[in-house]
Amino acid sequence: MILSSHFREALVYACELHAEQVRKGSGVPYVAHLLGVASIALEYGAKEDEAIAALLHDAIEDQGGVSTKQEIQRRFGETVATIVDGCSDTDQIPKPPWRERKQAYIDHIPNAEASVRLVSAADKLYNARSIVQDYRQVGEAIWERFTGGASGTLWYYRAIVDAFKRVEITPLVEELDRVVSQLEQLVSSESTDKTLEKTRLY
């Protein structure tokens with residue numbers, strides 16, 4: 001598949017929307033995340049509309065809510081706008097409480113269209129890989145970046161994997177499951193090491 005000028009336009013628009021954003025804790029420009037999610041989506045078979053939605057998947061949630069959804073629809077069509085909307089855990093400003101938003105997002109996944117699940121799983125895979133990488137570098141301090149802390153974050157990623165698997169187990173979902181399991185093992189191992197260290201001290 002050769003990507004058209006629509007994809008390039010979406011990339012420019014995404015860069016404009018998220019120009020002032022950086023990734024939590026790392027300071028990496030947010031566009032790196034958007035490019036990463038689009039790359040994963042394409043690697044797992046995304047069509048152009050799905051790849052464009054991957055670039056814009058956080059636009060409604062983080063950059064304007066309903067008005068941004070309307071602008072995406074105007075520029076890129078109903079299909080892209082619907083996918084982006086389906087990947088957003090809220091279009092409300094201010095956002096509802098964290099746990100409420102995440103549970104609602106989990107609950108909607110089994111009924112979401114395949115395109116929404118593809119882009120959403122690509123997003124979650126990118127994030128899970130980033131958490132694993134950063135956890136190895138900074139350890140438990142990473143959880144200060146997340147509203148849900150360690151327990152909430154681990155709950156969310158395992159629950160979202162289970163929600164995807166209730167619909168179908170694709171290679172993308174399998175990879176997400178593998179990375180989330182890796183994160184769980186890292187955290188469990190760290191906890192065990194700390195317990196052993198305390199035992200030695202006493």
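All of the numbers you see were taken from the coordinates with simple rules; none came from a lab. Note that the structure is a prediction, hence the values are computed from the model and not measured. Positions of Cβ are generated from backbone atoms using ideal geometry, with glycine treated the same way; all protein chains shown enter the neighbour counts.
Rounded to the nearest 20 debye, what is the charge dipole size of the chain about its Cα centre when +1 sits on each Lys and Arg Cβ and -1 on each Asp and Glu Cβ?
In total the dipole reaches around 500 debye.
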**Asked** Total Lys pairs in the chain closer than 17 Å by alpha-carbon, pairs eight or more apart in sequence or interchain only?
**Response** 4
**Message:** Only Cα pairs within less than 10 Å get springs; with that Gaussian network setup on the chain, which residue of P94, P171, P29 has the largest fluctuation?
**Reply:** P94
**Which of W143, W98 has the fewest Cβ neighbours within 10 Å, and the rest in rising order** = W98, W143
**Förster radius 35 Å - calculated FRET efficiency between E140 and R8, Cβ distance, rounded to 0.05** = 0.25
**Asked** By how many nm would the segment from Q133 to A150 grow when fully extended, if each residue of separation counts as 0.36 nm and the alpha-carbon distance is taken off?
**Response** 4.6 nm
**Cut-off 11 Å, label 7 Å out along Cα→Cβ of S26, residues of segment 94-130 by amide N** = 126-130
**Message:** If R₀ is 22 angstrom, what is the calculated FRET efficiency for the pair E184 and D162, using the beta carbon separation as r and rounding to 0.05?
**Reply:** 0.95
**Fill in**
For segment 110-175, listing GluC sites (Glu not before Pro) in a DSSP loop whose Cβ sees at most 14 other Cβ atoms within 10 Å gives E113, E168
**Complete:** Taking alpha-carbon centroids only, segment 158-182 lies from segment 12-26 a number of Å equal to 27 Å
